[in-house]
1. About the Cα centre of the stretch A:1-120, what is the dipole size in debye to 20, counting +1 per Lys and Arg Cβ and -1 per Asp and Glu Cβ, all else neutral?
2. List the GluC sites (Glu not before Pro) within the stretch A:1-108 that DSSP assigns to loop and that have no more than 16 neighbouring Cβ atoms inside 10 Å.
3. Using DSSP, restrict attention to beta bridges with both residues in chain A and report what percent are antiparallel, rounded to the nearest 5.
4. For chain A, what does -39500 (n - 2.57) per DSSP helix run (n ≥ 4), summed and divided by total residues, give at 222 nm, in deg cm²/dmol to the nearest 500?
5. Can you give the charge dipole size of chain A about its Cα centre, rounded to the nearest 20 debye, using +1 on the beta carbon of Lys and Arg and -1 on the beta carbon of Asp and Glu?
6. Taking Cα pairs under 8 Å and at least six residues apart, what relative contact order does the stretch A:2-259 come out at, in percent?
7. With an 8 Å cut-off on Cα pairs and a minimum separation of 6 or more residues, tell me the relative contact order of the stretch A:132-261 in percent.
8. Can you check what the Kirkwood hydrodynamic radius comes to for chain A, Cα pairs only, in Å to one decimal?
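Just so you know, all these numbers are worked out from the coordinates, no wet-lab data involved. Quick caveat, the model's predicted, so the values are computed rather than measured. Cβ sites come from the backbone with ideal geometry, for glycine too, and all protein chains shown count toward neighbours.
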Amino acid sequence: MKIVTYNINSVRIRLGQIKTIVEQLNPDIICLQETKVEDNLFPIGEIKSLGFEHIYISGQKSYNGVAILSKLPLFDVHSLDILQSDHKRHIGGRLANGVEIHNFYVPAGGDIPDRELNDKFDFKLRFYDEMSDWACEQKGKSLIMVGDFNVAPLPNDVWSHKQLLNIVSHTPIETDAMANLQKTLNWLDTARHFVPESEKLYSWWSYRNKDWEKSNRGRRLDHIWITPDLMPKLESFLIMRELRNSENPSDHVPVMVEIRD
DNA sequence: ATGGTGGAAGGTCCA
């Protein structure tokens, strides 16, 4: 079973990228973030025609929005409202084999890395605390948690550890919050299971760099974590870097893991 | 200290 996570930054203008993902990876499940569309305007028909019979959406106008596109049915699908914000930032459900999939879009947190000066940064940190509380309640389950977590945890998850230590997404208070979440169920960061921590690894490059590939100032913001019981089933991992060069790309690229059924 | 780009909405916010 192949699972992809992709911050698509508007599902309606990037159906072509979904088609490319299907052609090149043929995933069973695609988890999207930042769909940026209300549910009644979601392009259900187009995505069904790409082979995803089961589509689960939790969208809102203009901002946020998550979706799970699946060839397999999910059960007890639900959308958590973390911090009662009305932001659509989670959708999850359970596969027939009992494994649960949870798709999160963690708040970006604004520009100023100070929770006193910046409400969005405070919101992000509280969101992580809520996720940790939620994870503690899931003890004993087989879980796959994916999404845009908006934190690059390790020194080689950013282009310059030193230069990003005070930049939102890589500050110690954020990487600590993420580490706390990771400790809750001893989550495995699948990317670093396959790619050693000594290697640079990114899933996002800003739109604001003239030549993203030449400057290569990336960050690894998109993650696929699993509970340790699933570790023996891991088959492969891929970051679909080339999609950053597609026509009209998202600033994120898809991240994929393959797990034996 | 600032601006660089993009999406959606719609005379601006969020990333």
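1. Roughly 360 debye for the stretch A:1-120.
2. Answer in residue order: A:38, A:53.
3. Among the beta bridges of chain A, antiparallel pairing accounts for roughly 75 percent.
4. Rounded to the nearest 500, the figure is -6500 deg cm²/dmol.
5. 520 debye
6. The value is 18 percent.
7. Contact order relative to length: 29 percent.
8. Answer for chain A: a Kirkwood hydrodynamic radius of 18.4 Å.
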